[in-house]
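Asker: Take this structure first; my questions come after.
The values are calculated or read from the model by the stated rules, or taken from the named source; none is laboratory data. Being a predicted model, the structure only gives us computed values, none of them experimental. For neighbour counting, all protein chains shown are included, and Cβ atoms are generated from backbone atoms with ideal geometry for every residue, glycine included. In case anyone asks, the SASA skips ligands and DNA or RNA and just uses the protein heavy atoms, side chains included. Shrake-Rupley method; radii C 1.70, N 1.55, O 1.52, S 1.80 Å.
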Amino acid sequence: MASSWRSQFFTFWRTCATFLPPNHSLILQRQHRGGGPHLRYYPKEAEMVVEERVKILVLGPAKAGKTCLADYLSNFKDTPSSSYKETVGVRILDYEPEGLNLPGRSVKVVVELWDVSGNHRYQSCWPAVAHEANGIIYVFNIDQKTQLAELELWHKTFSSPQGVLGQETPHIKDDMCLVFAHRSSPPHGNIKAQKPRLTGKLQDIRCLATSLDYSAETNWKGEFDKLITHIVLAKRQEEENAFLNSGMDGPLPVQSSK
């Protein structure tokens with residue numbers, strides 16, 4: 001019942017935003033005494049742009065192509081390196097994606113891509129790496145036959161309650177993840193037919209064939225942007241639920257659509 005009430009309230013809230021005067025914003029506030037949330041509107045000058053930070057881990061065996069993919073996704077580097085250099089611990093790349101389809105309030109999305117070394121000697125750092133992560137990209141090299149089996153261990157380590165964060169911390173759900181079956185060698189025949197079938201718990205995660213050298217079956221960078229959008233909207237829903245369940249005052253702005 002409570003969930004239905006919340007859904008109806010926020011539907012009403014966003015509908016109200018369509019009737020605002022131009023250059024005004026709708027602000028949701030919660031009264032301190034004897035009342036629930038109420039609505040006010042203010043000139044646009046009162047509106048603040050909300051920054052949403054999204055932390056995504058890039059995980060997988062060594063020499064899978066994680067660094068090249070992270071560089072490409074973050075617009076840090078368009079072409080892969082011709083030589084292999086092992087990542088020491090973790091690399092963090094910050095960037096602001098463009099063209100995300102996010103309704104409602106003014107949001108600046110900042111993505112943190114955590115390019116994690118595939119070497120297990122850094123596993124003592126994994127709990128800190130996984131802390132407050134919002135999503136995961138699992139990467140394996142499609143030409144290395146042993147890497148898919150190793151990827152299942154990475155999934156168990158980072159996405160299950162038995163993993164590095166333990167039982168007390170919510171694990172990252174599979175709909176917040178993608179698997180990249182990466183290729184750096186020339187393909188032979190139908191690329192889609194060569195994509196391996198995932199096994200175990202990985203079967204519940206969408207798998208995309210990726211390559212920086214050859215044509216892939218899908219726009220995998222576009223699918224990655226959709227994942228970011230999905231994560232931001234899920235975080236927004238959690239924020240709205242927490243706001244309604246708290247007794248604190250605070251703004252949740254929605255900009256006029258006029």
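Asker: Based on what the data block shows, is Asn101 loosely packed, with under 11 Cβ neighbours inside 10 Å and at pLDDT below 90?
Answerer: yes
Asker: Among the numbered criteria (1) touching a residue at least 60 places away in the same chain (Cβ under 8 Å); (2) closer than 23 Å to Leu148 by Cα, which one does Val90 miss?
Answerer: Val90 satisfies all of (1) touching a residue at least 60 places away in the same chain (Cβ under 8 Å); (2) closer than 23 Å to Leu148 by Cα except (1).
Asker: Let me ask something else about it. Here is a list of conditions, (1) modelled with pLDDT under 75; (2) open to solvent by less than 10 Å² (accessible area, probe 1.4 Å), and Pro196 meets all of them except one; can you say which number that is?
Answerer: Every listed condition holds for Pro196 apart from (2).
Asker: Inspect all residues belonging to the stretch 224-247 and state whether any of them is in a loop (DSSP other than H, G, I, E, B), surrounded by fewer than 17 Cβ atoms within 10 Å (Cβ to Cβ) and at pLDDT below 70.
Answerer: yes
Asker: Further question on the same structure: Could you give every pair whose Cβ atoms fall below 8 Å, whose first residue belongs to the stretch 229-241 and is in contact (Cβ under 8 Å) with a residue 12 or more places away in the chain, and whose second residue is assigned to a helix (DSSP H, G or I) and among the aromatic types (Phe, Trp, Tyr), counting only separations of at least 6 or pairs across chains?
Answerer: Matching pairs, first to second residue: Glu240/Phe10.
Asker: Restricting to the stretch 109-140, count the residues that are open to solvent by less than 10 Å² (accessible area, probe 1.4 Å) and among the polar types (S, T, N, Q).
Answerer: 1
Asker: Related question: So which residues in the stretch 137-160 are among the basic types (Lys, Arg) and not in a helix (DSSP H, G or I)?
Answerer: Scanning the stretch 137-160 gives a single hit, Lys145.
Asker: Does any residue in the stretch 117-144 that is under 18 Å from Ile92 (Cβ atoms) come within less than 7 Å, Cβ to Cβ, of a residue that is acidic (Asp, Glu) and surrounded by fewer than 21 Cβ atoms within 10 Å (Cβ to Cβ) six or more places away or on a different chain, and which pairs are these?
Answerer: From the stretch 117-144, the pairs are Ser117/Glu86; Asn119/Glu86.
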